[in-house]
Amino acid sequence: MRYQEVLSTFLMLVSAVGISGCSDQQSGDSTVRPPAPVETAPIETGPIRSLRTYGGALEARASFFVSPKIGGRLEAMLVDIGDSVERGAVVARLDDAEYRQDVAQREADLLVEKANLAQAVSTLEIAKRSMERSETLSRRGVASEAELDAARSVLLARESEVAVYQAQVTRAEASLEAARIRLGYASVEALWADNDTTRVVAERFEDEGQTVSANTPLLQIVDLDPLAGVFFVTEKDYGNLKQGQRVDVYTDAYAGELFTGHIERIAPVFRQNSRQARVEIMVPNSDLRLKPGMFIRAEVEVQRVEQAKIVPAESIVTRSDEQGLFMLAADGTHALWRPVTLGIRDGDRVQISGEGLDGEVITLGQQLIEDGSAVSVHPTTAGEEAR
């Protein structure tokens, strides 16, 4: 017979006894109230924790737009949405004919400047030899001082000429290098600073054949491992959170599956409109199953007691504005009222503290008893629960 059936039968007996009791009292006889049927559970000792669940969403930890540094016709898009991209990989190409022509022109200009420099160097060598002859003749008294000065003037002019052509060669080399850099910009690369080597294309904004200007976004590339989860907390829970704290993450996309992360950042300010602070968590995502934009439920352990006295929540009752529970006396025949202070609640389990809390508590049938009432413990078996 199930407990509810026993309780119903008991209530019927109470009513019958009450009627009989009135008749007996009229005849001068007294009645004895039968023990109340109850169920009990042992007081447990062990760890208990308080959880808070927050709603939030996943975001990419890092995200950036790939844009060309020069304008031109988009000749080829080498990746698309969902593709993995290696750091430094070429993801798009622009028409580079104009830039190749500019490089060829700069190369030709450099050759001209080098030829002019070579000619100037040759002329300088001739001027040096002429100067040496003039000095020799001057020492012998054959050449005049004016002829020596003229040779020295020619030498200085040739040296200046060589310096000018050397500078022009350097300028032509710099101009050629700039043209080559602009040509390299026609191949658009995916570059980022972090150590991770692979990311994923999240969005594509342009198609092949379109003419784009410099800095026009072509692609959005995101980092999916790890992902960032974002939720907001009130002042009540703010002080219970700290960096590095474990967070259990659930999402409707994978019902019942647990993903584990940790708190990465906690905002030092509260938003004025909501009076809540932003919390960011990091969630490992090596298999890339989680995606930015997914809604999540983040469970955070905000409090934990390692050695607590724990009872079923259904054992807690209120009598005369006082919270407490009924203990089963040591002899197992009557109930004892014990006021308690409640602590952490974890589902259907609650932490308690107070005096004389050892043994078993009454979990069902409290409405029939008072402090000191006689009770009869109804055994609960697995077979009865199944029925």
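Quick notes on this structure:
- Other residues lying with their Cβ under 15 Å from the Cβ of Met282 contribute a combined charge of -3, Lys and Arg counting +1, Asp and Glu -1.
- Taking other residues whose beta carbon is less than 12 angstrom from the beta carbon of Val103, and scoring Lys, Arg as +1 and Asp, Glu as -1, yields -2.
- A simple spin-label model places the labels of Ile266 and Ile126 8.5 nm from each other, with each point 7 Å out along Cα-to-Cβ.
- Residues whose amide H comes within less than 5 Å of that of Gln245, counting only those at least five positions distant or on another chain, are Ile263 (H built at 1.01 Å from N in the peptide plane).
- Amide N proximity, segment 277-291 versus Asp237 label position 7 Å along Cα-to-Cβ, cut-off under 11 Å: 277, 279
- Mean residue ellipticity (222 nm) of the chain, computed from DSSP H runs ≥ 4 via -39,500 (n - 2.57), nearest 500: -10500 deg cm²/dmol
- Among 263-269, 359-365, 185-191, the order from most to least packed when residues are scored by Cβ within 10 Å on average: 359-365, 185-191, 263-269
- The H on the amide N of Leu227, modeled in the peptide plane, is under 5 Å from the matching H of Val283, Asn285, each at least 5 residues off or on a different chain.
- Karplus (6.51, -1.76, 1.60) ³J(HN,Hα), θ = phi - 60°, over segment 177-186, in Hz, Gly and Pro reported as x: 4, 4, 5, 5, 5, 4, 5, x, 5, 5
- Taking max minus min of the alpha-carbon positions on each principal axis, segment 64-136 gives extents of 82, 24, 15 Å, largest first.
- Separation in nanometres of the label points that stand 7 Å from Cα toward Cβ, at Asp348 and Ala76: 6.5
- Straightening the chain between Glu44 and Glu203 buys 51.8 nm, computed as 0.36 nm per residue apart minus the Cα-Cα spacing.
- Nitroxide proxy distance, nm - points 7 Å out along Cα→Cβ at Asp225 and Ser138: 8.0
- The alpha-carbon atoms of segment 140-212 define a convex hull whose volume equals 186 cubic angstrom per residue.
- Across segment 249-255, rounded Karplus estimates of 3J(HN,Hα) from the backbone phi angles (6.51 cos²θ - 1.76 cosθ + 1.60, θ = phi - 60°) give 10, 10, 9, 5, 5, 10, 4 Hz, Gly and Pro being marked x.
- Applying the Karplus relation 6.51 cos²θ - 1.76 cosθ + 1.60 with θ = phi - 60° to segment 268-284 yields 3J(HN,Hα) values of x, 10, 9, 5, 5, 6, 10, 6, 10, 10, 7, 10, 10, 10, 10, 10, x Hz, where x marks Gly and Pro.
- Note: the chain, Cα convex hull, 288 Å³ per residue.
- Per-residue extension of 0.36 nm, minus the Cα-Cα distance of Leu288 and Tyr254, leaves a gain of 10.9 nm for this segment.
- The equivalent ellipsoid of segment 97-184 has semi-axes of 42, 9, 7 Å, largest first, where each one is the square root of 5 times an eigenvalue of the Cα gyration tensor.
- Under-5 Å amide H pairs with Ser50, H placed in peptide plane, nonlocal only: Val302, Gln303, Arg304
- Net charge in the neighbourhood of Leu176 (other residues with Cβ under 15 Å of its Cβ; Lys, Arg +1, Asp, Glu -1) is 0.
Bear in mind that the values in this text are calculations on the coordinates, not laboratory data. Predicted model, so just to flag it, every value in this text is computed and none were measured. Ideal geometry is used to build each Cβ from the backbone, glycine not excepted, and the neighbour counts take in all protein chains shown.
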